[in-house]
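Reviewing the structure listed below.
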Amino acid sequence: MYIESKAEGIVGPARIGRVIFSKTGKSVYYRGRMFHPVQDFKANYVDSETRERYWISGCKKDGTDALYSTTVEIDDDVRVEYWTTIRNTPELKEVKSFRPSGKYSR
């Protein structure tokens, strides 16, 4: 999944990582944190403990997950799968981060 922090505004650090959904499918768990759905400006989840806002979504095949340019880090446990299965670019399987231009480049 694509996970971008919105704690400091509409642009924040982002990650590609594996999440676990709750039994109801509404809450998301990532790296020991629990996120609950929320309807907010440019955010769709909130950290249940810190109340920080996040955008969490499935990864796009073309890599245009971010609305604005930001650095995207890829977790090691999903890196090969991300580049080979989702992006269909196995030659990039060693790349650990990238900076997409974003849907709304500044």
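For this structure, a couple of remarks:
- Taking only Cα atoms of the stretch 45-106, radius of gyration then Dmax in Å: 13.0, 39
- GNM top mover of E81, E73, E49 - the chain, alpha-carbon springs below 10 Å: E49
- Accessible area per residue (1.4 Å probe, heavy atoms of protein chains only) ranks W83, W55 as W55, W83, with the largest value leading.
- Extended-chain gain in nm, criterion 0.36 nm per residue less alpha-carbon gap, M34 and E91: 17.2 nm
- DSSP bridge pairs, the chain: antiparallel proportion in percent, nearest 5: 85
- Normalising the average separation of contacting C-alpha pairs (under 8 angstrom, six or more residues apart) by the number of residues puts the relative contact order of the chain at 26 percent.
- Rounded accessible area of T50 (nearest 10 Å², 1.4 Å probe): 70
- Among G63, G17, G25, the largest mean-square fluctuation in a Gaussian network model of the chain (Cα springs under 10 Å) belongs to G25.
- For the stretch 28-76, the spread of Cα coordinates along the three principal axes comes to 31, 28, 16 Å, biggest extent given first.
- When each of K6/K42; K60/K103; K23/K61 is checked by Cα-Cα distance, pairs over 18 Å: K23/K61
- The calculated pair-distance distribution of the chain uses every alpha carbon pair, bins of 10 angstrom beginning at 0, and gives 15, 47, 32, 6 percent.
The values are calculated or read from the model by the stated rules, or taken from the named source; none is laboratory data. Being a predicted model, the structure only gives us computed values, none of them experimental. Accessible surface areas use protein heavy atoms only, side chains included; no ligands, DNA or RNA. Shrake-Rupley method; radii C 1.70, N 1.55, O 1.52, S 1.80 Å.
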